Amino acid sequence: MDQLKQAQEIFWINPSYKPDWSAGDTGTVHPEQVRQASMRLQRFAPLIMHYFPETEGSNGIIESDLADIPAMQKSLGVIGRVLLKKDSDLAVAGSVKARGGIYEVLKHAEDLALQNGLLSSAEDDYLKLASQEARDFFHTQKVQVGSTGNLGLSIGRSASALGFHAIVHMSADAKQWKKDLLRREGADVQEYAGDYSKAVASGRALSDADPNSYFVDDEHSVNLFLGYAVAAERLKKQLDQKGIAVDEEHPLFVYIPCGVGGAPGGITYGLKLIFGRHVHCFFAEPTQAPCMVLGIASGKHDEISVQEIGLSGMTAADGLAVGRCSGMVSHIMEDVLSGEATVEDERLPVYQKMLWNQEKIFIEPSSCAAFHALAGLFRTEEGQRYIREQNLNEHMNNAVHIVWATGGSLMPMEERHLD
Ligand SMILES: *Cc1c(COP(=O)(O)O)cnc(C)c1O
């Protein structure tokens, strides 16, 4: 806790980690809901393909590649096999938010369509939702969200495409290009002088006062969480296709950048359902915004903010600039998260340039935090202790490490600063 307060980098092992956690232990989400979310995305695939032709190659399923990064692995000096999960390239949103955000918009559209007779059942033809009648109906409905950027892009683009009146409430520090892109696609962007929490509070109040409006709640949304969790079964398929086993002798390590927690939490939940104690999940957060590790380690969850321990909450990793974690997620993660690394902002462009130079892959600064968690497992005493305590030492040559790249592809060239 002292190190956290002093904004020092830490590699933290979760003392409450339960390797044999079983999914029945959470009161908020249920494994069956993940399966239903997956089927829902399947039902919507033709409609996604209709609105976003770039998804034709994958039949309307928005998914990213899992790629070896051998040169980068060599530079990092890591044994085993290192793969990059390229959610940085996900269609529509260009970030991991394509998973949770678009899922939540589709779920809401489905609920409305079933209630209002636009679909007769879940077996109906979902392309009906592209009819003029359906679009006219959706246009009477608002979808609102507060965002520093990527969630707004995901919700704004997908909701606008379906015909909803999308309103994105953004803090002043949100990037101009994200606001421009959203406005070009028909979303309504409201700007706030204060920080992110003001934008969220205002968006929520405006939406709650309007019976025809739906608010996407980054901190409390089960639907966002479920959309993220579906990533795990997709990843399992990709590992199978590569002939990669995950078992006692072949541990899987996954490193994911964490903001409010929905994306990394949902993905981790999904992975734990499939791989159990053979998958080891670590989050990464900026030293100035370590809200998840603060919440779990202090036991206070969402009842404490990073500002309360003297940190600024400000970081160049804009997707991770969150001062208070989602309590829903932190409670679920308490038993399943293996640990976490915090990282100083200055390191992010170093990893970013390394990946660009070695692999010609571009990811945004927030994504790069995940590399620091991978490095930390090998380079810190705590990381080595984890390996020892979990009896993994003799299996590290067979280990697979997945660095989750959470965003990047929509970033304009002039924003990338790679030289
Ligand atoms: C949102 C985001 C994250 C973290 O997701 P949370 O759900 O906020 O924890 C990580 N990386 C990028 C690029 C993001 O946009």
What's the total number of residues in region 221-238 that are more than 12 Å from the ligand (Cβ to nearest atom) and open to solvent by 10 Å² or more (accessible area, probe 1.4 Å)? 7
Region 239-253, subset without any contact (Cβ under 8 Å) to a residue 60 or more places away in the chain and of a type outside the set (A, V, I, L, M), residue surrounded by the fewest Cβ atoms within 10 Å (Cβ to Cβ): GLY243
Considering only residues that are without any contact (Cβ under 8 Å) to a residue 60 or more places away in the chain, open to solvent by 10 Å² or more (accessible area, probe 1.4 Å) and not in a helix (DSSP H, G or I), which ones fall in region 126-163? SER131
Those residues of region 82-116 which are crowded, with 19+ Cβ neighbours inside 10 Å and not in a helix (DSSP H, G or I) amount to VAL82, LEU83, LEU84, LYS85, LYS86, LEU90, ALA91, VAL92, ALA93, GLY94, SER95, VAL96
Would you check if PHE283 is more than 14 Å from the ligand (Cβ to nearest atom), among the aromatic types (Phe, Trp, Tyr) and closer than 20 Å to ILE13 by Cβ? no
Residues of region 346-373 being open to solvent by 40 Å² or more (accessible area, probe 1.4 Å) and either small (Gly, Ala, Ser) or not in a helix (DSSP H, G or I) (or both), which ones? GLU346, LYS360
With ILE267, ILE274, ILE256 as the choices, which residue is hydrophobic (A, V, I, L, M, F, W, C), touching a helix residue (DSSP H, G or I) at 6+ places or on another chain (Cβ under 6 Å) and open to solvent by 10 Å² or more (accessible area, probe 1.4 Å)? ILE274
In region 324-340, what residues are within 12 Å of the ligand (Cβ to nearest atom) and either more than 19 Å from MET1 (Cα to Cα) or open to solvent by 20 Å² or more (accessible area, probe 1.4 Å) (or both)? ARG324, SER326, MET328, VAL329
Considering each residue of region 379-389, count those that are open to solvent by 50 Å² or more (accessible area, probe 1.4 Å) and either within 19 Å of ILE256 (Cβ to Cβ) or not acidic (Asp, Glu) (or both), and give that number. 5
The lone condition ILE402 fails out of (1) open to solvent by less than 40 Å² (accessible area, probe 1.4 Å); (2) closer than 23 Å to PRO19 by Cβ; (3) assigned to a helix (DSSP H, G or I); (4) within 16 Å of the ligand (Cβ to nearest atom) is (3)
Some residue of region 3-10 being under 21 Å from the mean Cα position of the chain (by Cα) and either of a type outside the set (A, V, I, L, M) or open to solvent by less than 50 Å² (accessible area, probe 1.4 Å) (or both): no
Filtering region 201-220 for residues that are of a type in the set (Val, Ile, Thr) and open to solvent by 20 Å² or more (accessible area, probe 1.4 Å) leaves a count of 0
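The values are calculated or read from the model by the stated rules, or taken from the named source; none is laboratory data. Source: prediction; values computed, not measured. Because the Cβ atoms are built from the backbone with ideal geometry, glycine has one as well, and the counts that use them run over all protein chains shown. Quick note on the areas: whole protein, heavy atoms, side chains included, nothing else; ligands and nucleic acids left out. Shrake-Rupley method; radii C 1.70, N 1.55, O 1.52, S 1.80 Å.
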